[in-house]
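See below for the structure under consideration.
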Amino acid sequence: MLFRRIHHIGIAVSNLDEAIRKYEKELGFSLEGKERVDSEEVEVAIFRVGESRIELLQSTVPDGVISKFIEKRGEGIHHVAVEVEDIERELRELKERGAPVIDETPRIGAGGNKVAFIHPKGASGVLLELIESSH
């Protein structure tokens, strides 16, 4: 298993524009960009923090994963993403070890990166995202 670094922390928010304002004006972060990821039904605001990022996630549909998360738990940390060198290999190894993978094969996420998720029950209640960065 080769985890390179924490790629980003995903934070679920109800109102992306309001959250961006808070992160910029009140907290002093600089917005790197925004992106809509239709396959995940989210709009993402990205803030660079050294080699890592904070990604604010707002659902684009009322019954999306982020909307359901906020309804159940409120706004806050949704997932931690760790960068891996070879996502297919890491998924195979995790499955062999008995980790509860959500994605059997990677899908395309924000920034065109390959991503796959590990169920929170396998990581002490934290949703883990594996990410193979395209850049």
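No value in this document is a laboratory result; all are computed from the given coordinates. Quick caveat: nothing in here was measured; it's all calculated off a predicted structure. Note that we place each Cβ from the backbone using ideal geometry, even for glycine, and neighbour counts take in every protein chain shown.
Here are some notes:
- Antiparallel DSSP beta bridges within the chain, as percent of all bridges there, nearest 5: 75 percent
- Comparing 126, 109, 57 along the charge dipole axis of the chain, the residue lying farthest to the positive side is 126, per the Cβ-charge model.
- Converting the Cα gyration tensor eigenvalues of the chain into ellipsoid dimensions via √(5λ) gives semi-axes, longest first, of 25, 17, 13 Å.
- Taking each residue as 0.36 nm, the span from residue 48 to residue 108 lengthens on full extension beyond its C-alpha to C-alpha distance by 19.5 nm.
- Segment 3-132: relative contact order as a whole-number percent, Cα under 8 Å and 6+ apart: 26 percent
- Total charge dipole magnitude, the chain, about the Cα centre, Cβ charges on Lys, Arg, Asp, Glu only, Debye to nearest 20: 320 debye
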